[in-house]
Amino acid sequence: MSKYDIFQHPISSNQIMRMIEENNTIVFAVSRAATKREIKAAFKAMYDSDVATVRTLIRPDGQKTAYIKVTDSAVEVANKIGLV
């Protein structure tokens, strides 16, 4: 699976913006077939940022969400993505 096929779009809300600032965590909607290892490798390759942990959640509507905790400042990474 290509690194561009893994990430569908970043998710942004007030609660997630607080997670970015306080917990260094960025949230993406990802492909349902993507594994945590693939998500971690693709994020590192695309945004040049080290990843501490990846947590995934499959919502009741079937969408898979990845909570990616970065070791660098998540605000800087969010600026690269265009969230902030």
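The values are calculated or read from the model by the stated rules, or taken from the named source; none is laboratory data. Just so you know, these numbers come straight off a predicted model, no measurement behind them. So basically every Cβ, Gly included, is an ideal-geometry build from the backbone, and we count neighbours across all protein chains shown. Surface areas here come from the heavy atoms of the whole protein model, side chains and all, with no ligands, DNA or RNA. Shrake-Rupley method; radii C 1.70, N 1.55, O 1.52, S 1.80 Å.
If we count every other residue with Cβ under 12 angstrom of residue 57's Cβ, Lys/Arg +1 and Asp/Glu -1, where does the sum land? Mind dumping the intermediate values first?
Working: positive: 32, 36, 55, 59, 64; negative: 61.
With Lys, Arg at +1 and Asp, Glu at -1, the neighbours total +4.
The computed semi-axes √(5λ) of the Cα gyration tensor in Å for the structure shown corresponds, within [x] 18, 15, 11; [y] 26, 21, 10; [z] 35, 15, 8, to [x]. Rolling a 1.4 Å probe across the protein heavy atoms gives the chain an accessible surface of 59 Å² per residue. Under the simplified labelling scheme, the residue 59-residue 32 pair shows an inter-label distance of 1.4 nm, with each label point 7 Å from Cα along Cα→Cβ. With all protein chains in place and a 1.4 Å probe, the accessible surface of the chain carries 45 percent carbon and sulfur. Near residue 11, the amide H atoms lying under 5 Å from its own belong to 27, 28, 29; only residues 5 or more places off or on other chains count, and H is placed 1.01 Å from N.
Return the equivalent ellipsoid semi-axes of region 20-59 as a descending list in whole Å, where each equals the square root of 5 times an eigenvalue of the C-alpha gyration tensor.
On the way: eigenvalues 54, 40, 14 Å².
Those come to 16, 14, 8 Å.
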